[in-house]
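Inspection log for the structure reproduced underneath, given as structure tokens.
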């Protein structure tokens, strides 16, 4: 496999761009491919079987584009599909996401950790296993956030409706004494500035994008697949309306880019 081959990244929508930014920052010589499955967003309300099927379709597409590694930049897709994809492509580096239960449990001073996530992530066996493994000594309070992904997909990161929605999700967690909040969806780092307005500075906000980028770097180095550069321009696809992704890319990715339709 060529070192110069791109890395394929996908999510149910635009949330995985938060992970893509971390990968670009840590691995600037790597060429990047990104698929937003916006025609089926949000994954959090879909069945695990449906998510697994979509993940397989997108993984196959990215491999057809020459990807040397796959990143499931979605907690819900990881819970539903990462094991099957690893079994299907055993030689391929495949990196998933999971809520940052371990670092949050280590960081909390009050012993109470809040989790903001989609319903699909919170109901998954993978999340239950994380709690069993890393959170036995802390109290974990989960908060599903229906509607929040859709606000972020629309680029509404700080409007009144987003503010009111997020406030309704956060207030119960603060009332229970949470001093650490896990951002359990890759969409949520984009609303960190708004979240910071709603919680005290003493409350830690934890997500896993940077950790995923570090893990990807380690896997590529172990397999001698790190690119030497220069990176090609990022390529983007959407299974929804490409113009919608084009509209939010300058805000969420930091620069405009052409977006092609994923017709699958």
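The values are calculated or read from the model by the stated rules, or taken from the named source; none is laboratory data. Predicted model, so just to flag it, every value in this text is computed and none were measured. Neighbour counts run over all protein chains shown; Cβ positions are idealised from the backbone, glycine included.
Summary of values
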read-out	value
Hits in segment 183-218 - residues which are surrounded by fewer than 15 Cβ atoms within 10 Å (Cβ to Cβ) and touching a strand residue (DSSP E or B) at 6+ places or on another chain (Cβ under 9 Å)	192, 196
Residues located in segment 236-248, provided they are without any contact (Cβ under 8 Å) to a residue 24 or more places away in the chain and under 20 Å from residue 21 (Cα atoms)	242, 246
Members of segment 121-136 found to be assigned to a loop (DSSP other than H, G, I, E, B) and touching a residue at least 40 places away in the same chain (Cβ under 8 Å), listed by number	124
Every residue from segment 220-230 that is outside any loop (DSSP other than H, G, I, E, B) and either surrounded by fewer than 16 Cβ atoms within 10 Å (Cβ to Cβ) or not assigned by TED's automatic domain parsing to the domain that holds residue 29 (or both)	221, 222
The one condition in (1) in contact (Cβ under 8 Å) with a residue 60 or more places away in the chain; (2) part of a helix (DSSP H, G or I); (3) in contact with a strand residue (DSSP E or B) (Cβ under 8 Å, 6 or more places away or on another chain) that residue 169 fails to fulfil	(1)
Residue under evaluation residue 45, criteria (1) within 27 Å of residue 172 (Cα to Cα); (2) under 15 Å from the mean Cα position of the chain (by Cα); (3) assigned by TED's automatic domain parsing to the domain that holds residue 223; (4) surrounded by fewer than 24 Cβ atoms within 10 Å (Cβ to Cβ), criterion not met	(2)
Residue within segment 128-151 that is closer than 27 Å to residue 33 by Cα, in contact with a strand residue (DSSP E or B) (Cβ under 6 Å, 6 or more places away or on another chain) and surrounded by fewer than 16 Cβ atoms within 10 Å (Cβ to Cβ) present	no
Given (1) out of contact with any strand residue (DSSP E or B) (no Cβ under 7 Å at 6 or more places or on another chain); (2) surrounded by fewer than 15 Cβ atoms within 10 Å (Cβ to Cβ); (3) in contact (Cβ under 8 Å) with a residue 12 or more places away in the chain; (4) not assigned by TED's automatic domain parsing to the domain that holds residue 73, index of the condition residue 233 fails	(4)
Residue ID - modelled with the lowest pLDDT, chosen from residues in segment 249-264 that are farther than 16 Å from residue 9 by Cβ and in a helix (DSSP H, G or I)	251
Residue check, residue 158 within 25 Å of residue 46 (Cβ to Cβ) and either in contact with a helix residue (DSSP H, G or I) (Cβ under 8 Å, 6 or more places away or on another chain) or buried (at least 22 other Cβ atoms within 10 Å of the Cβ) (or both)	no
Subset of segment 110-120 (residues that are closer than 22 Å to residue 186 by Cβ and assigned to a loop (DSSP other than H, G, I, E, B))	118
